[in-house]
Every structure is written in structure tokens, then in C-alpha cells.
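Below is one structure, written out as C-alpha cells; the observations come after it.
The values are calculated or read from the model by the stated rules, or taken from the named source; none is laboratory data. Since we're looking at a predicted model, the values are computed, not measured. Quick reminder, even Gly has a Cβ in these numbers, built from the backbone with ideal geometry, and neighbours come from all protein chains shown. These accessible areas exclude ligands, DNA and RNA; they are computed on the full protein's heavy atoms, side chains included. Shrake-Rupley method; radii C 1.70, N 1.55, O 1.52, S 1.80 Å.
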Amino acid sequence: MLTAVRVLRWLPRRWWWNFLAWGKFFFSRPPKIERPRDDDWHLIVPEPMFEAIRAVPLYKVMVCAPADIPTDELSPVHTGFYKFQVWLYSTCMAPMQAGLPQINADPQVALKRAFNGLRRAQFPAPKMPAEFLGSPDLGSLAVRGPFACYTTKVDDPHLDEATWEWNFLSLNGYDHHDGLVNIGSRVLFRKDPVRRSLQASQIHSALSPNPITPTDPEWDQATKIVLCAASTHLSLVRHFNWVHLAGAAQLAIATRNGLSANHPLFRLLWPYIYGTQQSNDMVTRGQMVPGGDFETIFSLKFDEMCRLFDDTYGQYPHIVNDPKEDGDRRGVRSAGFDTPTQDNLEELFDVLHQFVCNYLKIYYSENPTGTNGVRRDPETLAWLTELNTRVPNGGVGVDPATVTRASLARMLAQQLYLVTVQHEILGSFMWNYQLWTHRQPARIYDDFRREPLDIYQRLVNANFNLNVHRRALMSNFDNVVLDYRAQLVMIQFQADLAKLQAKMNSEPRAVWRLYPSDLKVNINA
């Protein structure tokens, strides 16, 4: 009887937050990216998150102060909506309600109840990856899909054969909500040379002091812990902390501070940085404040989540935005097993890189110190200096004293990859993975029960709103470039994207594959 009463009290809350999620999605429109203007230009001086948003005590994460958000990005409607949403967290219509029952044991039924009506009419329901159809296939997920970025060769001379891993043991250092299992974990993979694949061989987790193997009865529970850790780390660290805060925000700040509006590099980057500071400020308030999405969906207590952000902000590895160099660093390229996601990401990067190379040839000579050389342009050097200063953990790997047109082109391609490919595969792309909590729970309870209705509903709506309409990369941005030569390069870029799209369309569509048509030009929420 008590449970029935709680559910009845929950229904109006659920309806209200589902309606808000639908409204946010329905009324969202991709902004029209106009030519940048020189007027009302001011220096952005980053400050610790705690100074910008007092409710979020991060002391190492540097952000744009609300008062410094560029006027061309300001949206009073969006700002007001998010302030209203955060205010609701502390009212009788808060999205969370204690004591609710578990979601349905049938994942399709659970999803249909949480994602229906107006929202499902606006956006298609997620598709279950093949790896989730039975007991989760960790070996396949290690090379196919969003978690392939974690697969790294183990450098251990004591191992008798080549081994790869996902290592989330660092999450052991952060306290979880009461009643939850610690999700710090590690899974080891071994190569099957005949099938050219990886096979999960053992899992280290809180379930046992000894490694758990596929023949152990705890294997399925251990896989849930590993996938919960992967989902948590990907959403909190890789996506929001590294893409939004450590990467894209610092790129946008350095570009506005170091380049004039009519500089060719500013015009190249303008569509990719547009709206970044306003978007980050809004989304931080909705997701990171007490009672926000991150604290209520995932395992970590609020203070511990903040500590994780501060700790990992300074660990940001910019090299992850170059799939070839990152793949070599992780030991997965030419390792004797198939790497479909690695190959997919390299194809996307190559198109971005070729575009930047073609663009830079217009404005810079090959000789870095000759006429029109990159080292003869003070604005380019000032921008590089500021970018290296703003981006944590050593900057972007290009020294103004030794920069060449080639090294500048690769680094710029990495920046474009950051805000298009990385943001997509770590954000909107999770729609087809994160909602199947029977395989990949949002949090792990002591008794391995399923998520309660409110947590699952919030997970669904948060992922739904990650898919709001944003400006597609495959759009015409001719209006922002300086001259007809750059317009021709833009046209060729769009043709190359269309060619790659056609090539991918000639193959059976796959949940794990990222298509050019999926990509958005910036992280604007």
C-alpha cells in the first residue's frame, strides 16, 4: 500500500519533468552562425568554477565568469530556463523521490514507460547494441563503440602474453552513495589471433579480492560493475570534464583572446567555438549543482564527484583528440585484432585534417619563417601561447618557437575533432548504450537490484536532451570565411564528408559506427 501511494505521488513529478524535457527538445533550434564582429570584444579572464558558480566547489577547473560570457552568445531565455530548472530541484516538484520501486525487469518495458508520448514522437527510441543482447560481450565492446577509447595495452613484463585492459581502479578513491557497491574496477583482455578479436579474461572488482574469470558465477555481476564504471567515467570525466571544460572551453577562450575577428584562424574556428561559454554555463548549472543530474544519476556523492572533476581536470590528455597518435599510445593499432571503431574514427579525423591542410595553404607558406610563414605572424604565435597556457596538462603539444604549417594543421584538426567527433561519441552517441541498465547500470546497489523509477527516468531524460537539435557539421559555413579561396576549401570539405557518408551508407548501418551526418559543428547545447 505504501509503495502504491509513493508511485501515485511520483506520477505528477514524472509528467512534469517529462514535459520539461520534451519542451527543451521541441523548442531547441540550431543557432544561425553569423560572421563574427569586432565590436564589443573583450578579454575573457578564466576563474575557478567555485567563483563562477558558487554551488559547484571546483577549485582547479577554470571557466569563463558569467559576466564575461560574450554578448553574441548570451541567451536570456536559455539562462532563465536553466535557473528555473535548478530552482525546481529544491521544491515539491523535484525530479527525485525516495522510496520508489525498481524499474521493470524487462528492459523494453522499462524504457517504454520512461520514454513515451511526445518525446518518443520527437526522437526515435534507442537501439540495443548487439553486445548487450546476451551476457555483455566486453571483448567486442573493447574495440567497437564508445568504450573502445579505454582499451590500452598493459606494459607488464610479468604477463606471459600480450594483454590489454580497461582500468577504472582510480574510482575506488571516491566515496559512493550509501547502499552502493564501489565501482572501481579493471578488466583484462587477451587476443584471439584466429578470430582477430579481444576476449575478456578476468575482472578485478569489489566483489572479490581475487580476479573473477568468465567461468566464475560472479562474472555477470562483475561485468555490470565494469560497465557501470565505464559509463560513469565516460560521462563525468571524458565527456563533461575533458571535452566541455578542459578542451572546448579553453579553445574558445584562447581563440577569442588571442585572435582578431578577421584573422584566418579565427574564421576557421568560429563555427566550432560559437556558443561555448553560454552553453557550458547553462549545462553546468543543470548537471553539476547539488541535486543535479550527475549527483542523482551516478554513484558518487556530491563532494566526491567535485573532487573527481578537480583531480582529473589536470590529467586531461589532449592527445586523445588524434585517433592515430592515441591509438599508437594505447597499443591498439596494428596489434593483430580488428579495431572497427578505431578505423571509423581515423577516417573521420582524416577528412578534418585534409580540410585544415587545404585551408592553411591559402594563408601560410610552407617555410615557417619565410614570407607568410606561421612564425612570422604574431597573432598566430600569441594564440598558440595562450592555448598552451589555458589547456591543462601541458597544453596542445605545439610550441610557438618550433611550429610549422604541418604541425599547426594537425593540432587544428585535433581541435575540430574534439568538438565534433569526441563530443558526439561521448555525448549524444550514448543514447543507444546508457539506457540499457540491465546490462550497464547507472549505479550498482549492494543487492544488485534495479534502479528506482526516479533515477532511471532522470537518466532517460538527460540522454534525451543530449540529442537536442544542433548545427550539423555537414552545413554551409561559407558566410564566415574571408574570401572565395576559403569558400572553395569549404565546398571541398563538405564534398569529402558526403563522400565518406556515402561510403558508410553502402555498408549495413551499425549502432557502434559514427557517421559524418551525426556530427555537430560545436558543443552548443
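Residue check, Asn372 against (1) on the phi > 0 side of the Ramachandran plot; (2) touching a residue at least 60 places away in the same chain (Cβ under 8 Å); (3) not small (Gly, Ala, Ser), all met but one. Which one?
Condition (2) is where Asn372 drops out.
Please state which of the following conditions Ala525 fails to meet, knowing it meets all the rest: (1) small (Gly, Ala, Ser); (2) under 25 Å from the mean Cα position of the chain (by Cα); (3) open to solvent by less than 20 Å² (accessible area, probe 1.4 Å).
Condition (3) is where Ala525 drops out.
How do the pairs read when you match residues in segment 310-336 that are of a type in the set (A, V, I, L, M) with residues anywhere that are in a loop (DSSP other than H, G, I, E, B) and surrounded by fewer than 21 Cβ atoms within 10 Å (Cβ to Cβ), using Cβ under 8 Å and keeping only pairs 6 or more apart or on different chains?
Correct list of pairs: Ile319/Gly397; Ala335/Ala162.
So Asp350 passes all but one of these: (1) within 21 Å of the chain's Cα centre (by Cα); (2) in contact (Cβ under 8 Å) with a residue 60 or more places away in the chain. Which condition number does it fail?
(2)
Would you mention how many residues in segment 203-219 are open to solvent by 40 Å² or more (accessible area, probe 1.4 Å) and in contact with a Pro (Cβ under 8 Å, 6 or more places away or on another chain)?
Residues meeting the conditions: 1.
Within segment 136-157, is even one residue open to solvent by 70 Å² or more (accessible area, probe 1.4 Å), of a type in the set (A, V, I, L, M) and free of Cβ contacts under 8 Å to residues at least 60 places away in the same chain?
No, every residue in segment 136-157 fails to be open to solvent by 70 Å² or more (accessible area, probe 1.4 Å), of a type in the set (A, V, I, L, M) and free of Cβ contacts under 8 Å to residues at least 60 places away in the same chain.
Would you check if there is a residue in segment 413-427 being without any contact (Cβ under 8 Å) to a residue 40 or more places away in the chain, out of contact with any strand residue (DSSP E or B) (no Cβ under 9 Å at 6 or more places or on another chain) and under 26 Å from Leu348 (Cα atoms)?
Narrowing segment 413-427 to residues without any contact (Cβ under 8 Å) to a residue 40 or more places away in the chain: none.
No, segment 413-427 contains no residue that is without any contact (Cβ under 8 Å) to a residue 40 or more places away in the chain, out of contact with any strand residue (DSSP E or B) (no Cβ under 9 Å at 6 or more places or on another chain) and under 26 Å from Leu348 (Cα atoms).
So which residues in segment 233-242 are of a type in the set (Phe, Trp, Tyr) and open to solvent by 10 Å² or more (accessible area, probe 1.4 Å), if there are any at all?
The one that is of a type in the set (Phe, Trp, Tyr) and open to solvent by 10 Å² or more (accessible area, probe 1.4 Å): Trp242.
Can you find a residue that is open to solvent by 10 Å² or more (accessible area, probe 1.4 Å) and of a type in the set (Phe, Trp, Tyr) anywhere in segment 380-403?
Checked segment 380-403: no residue is open to solvent by 10 Å² or more (accessible area, probe 1.4 Å) and of a type in the set (Phe, Trp, Tyr).
If you go through segment 122-132 one residue at a time, do you hit one that is outside any strand (DSSP E or B), open to solvent by 30 Å² or more (accessible area, probe 1.4 Å), without any contact (Cβ under 8 Å) to a residue 12 or more places away in the chain and basic (Lys, Arg)?
Taking every residue of segment 122-132 in turn, none turns out to be outside any strand (DSSP E or B), open to solvent by 30 Å² or more (accessible area, probe 1.4 Å), without any contact (Cβ under 8 Å) to a residue 12 or more places away in the chain and basic (Lys, Arg).
Yes or no, residue by residue, for (1) open to solvent by 40 Å² or more (accessible area, probe 1.4 Å); (2) at pLDDT 95 or above; (3) outside any helix (DSSP H, G or I); (4) not aliphatic (A, V, I, L, M):
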site	(1), (2), (3), (4)
Ala462	no, yes, no, no
Ile491	yes, yes, no, no
Leu500	no, yes, no, no
Trp512	yes, yes, yes, yes
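If you scan segment 23-32, which residues turn out to be modelled with pLDDT of 90 or more and over 22 Å from the mean Cα position of the chain (by Cα)?
If the condition is that a residue be modelled with pLDDT of 90 or more and over 22 Å from the mean Cα position of the chain (by Cα), then Gly23, Phe26 are the ones that fit.
Going through segment 22-51 one residue at a time, which ones are open to solvent by 80 Å² or more (accessible area, probe 1.4 Å), in contact with a strand residue (DSSP E or B) (Cβ under 9 Å, 6 or more places away or on another chain) and in a loop (DSSP other than H, G, I, E, B)?
Within segment 22-51, no residue meets the criteria.
Looking only at segment 243-275, filter to residues that are among the small types (Gly, Ala, Ser) and touching a Leu at 6+ places or on another chain (Cβ under 8 Å); which one of those is surrounded by the fewest Cβ atoms within 10 Å (Cβ to Cβ)?
Gly258
Give me the residue from segment 87-107 that is in a helix (DSSP H, G or I) and buried (at least 16 other Cβ atoms within 10 Å of the Cβ) and, out of that set, modelled with the highest pLDDT.
The extreme case among them is Pro107.
Just need a number here: residues in segment 404-424 that are assigned to a helix (DSSP H, G or I), of a type outside the set (D, E, K, R), out of contact with any His (no Cβ under 8 Å at 6 or more places or on another chain) and open to solvent by 10 Å² or more (accessible area, probe 1.4 Å).
Qualifying residue count, segment 404-424: 3.
Out of contact with any Leu (no Cβ under 6 Å at 6 or more places or on another chain), open to solvent by less than 10 Å² (accessible area, probe 1.4 Å), among the polar types (S, T, N, Q) and touching a residue at least 24 places away in the same chain (Cβ under 8 Å), is that true of Thr341?
yes
Across segment 255-301, what is the number of residues that are closer than 27 Å to Val489 by Cβ, in contact with a helix residue (DSSP H, G or I) (Cβ under 6 Å, 6 or more places away or on another chain) and part of a loop (DSSP other than H, G, I, E, B)?
So the count comes out to 2.
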